[in-house]
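Some notes on the structure that comes next.
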Amino acid sequence: MIENKKKPNPIDIHVGSRIRLRRTMLGMSQEKLGESLGITFQQIQKYEKGTNRVGASRLQNISSILNVPVSFFFEDAPGDPSTGASGTAEASSSNYVVDFLSSSEGLQLNRAFVKIGDPKVRRKLVDLVKALAAEAEAE
């Protein structure tokens, strides 16, 4: 039997992962996003995995619901000329942020951090984390 399954396009996978990233940053469920779009959470799952391609009008609706420009979903996309040799530092920096916010701990830390209103407290927290990281490196 011949396997006739088509692999998802890398761009579709990337766009889906960015939808998931933004949705989780906002603490929104797949079900809630689906309801807002008039589709099932299973369809959202397929978009996020890249199994199903997101159409232009639907991507526009998603960007509106998630409060980001459409371009957000294409940042650091595979084959993006803006992430060429001259942009590698920015690309790796951006990937680091995506990796951080994709982790449960990073997401929790980010959500809690943005709720701190006092800039001095935020600065002290950053200093504390840097000190802990330096201590861990020294061991």
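The values are calculated or read from the model by the stated rules, or taken from the named source; none is laboratory data. In this text, all values refer to a predicted model and were calculated from it rather than measured experimentally. Note that each Cβ is placed from the backbone with ideal geometry, even for glycine, and that neighbours are counted across all protein chains shown. Heavy atoms of the whole protein, side chains included, go into the accessibility calculation; ligands, DNA and RNA do not. Shrake-Rupley method; radii C 1.70, N 1.55, O 1.52, S 1.80 Å.
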Counting Lys and Arg as +1 and Asp and Glu as -1, what is the net charge of the other residues whose Cβ lies under 13 Å from the Cβ of D127? +4
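Got a number for carbon plus sulfur as a percent of region 1-53's accessible area, 1.4 Å probe? The partial results should precede the final answer.
Details: 1830 of 3620 Å².
So the carbon and sulfur contribution to the accessible surface is 50 percent.
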Contour minus end-to-end for S17 and L125, with contour as 0.36 nm per residue of separation and end-to-end as the Cα-Cα distance? 36.0 nm
Put +1 on the Cβ of each Lys and Arg and -1 on the Cβ of each Asp and Glu in region 1-80; which of N61, F41, I19 then has its Cα farthest toward the positive end of the dipole? F41
1.4 Å probe accessible area per residue over region 1-80, in Å²: 63 Å²
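Can you give the FRET efficiency for T51 and S104, using 1/(1 + (r/R0)^6), R0 = 25 Å, r = Cβ-Cβ distance, to the nearest 0.05? Display every interim value, and only then the final one.
Values: r = 24 Å, r/R0 = 0.94.
Efficiency, from the Cβ-Cβ distance: 0.60.
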Region 12-50 scanned against label point 7 Å out from F74 along Cα→C-beta; backbone N under 13 Å for 12, 15
Based on Cβ point charges of +1 for Lys and Arg and -1 for Asp and Glu, what charge dipole magnitude is obtained for region 1-80 about its Cα centre, in debye rounded to the nearest 20? 200 debye
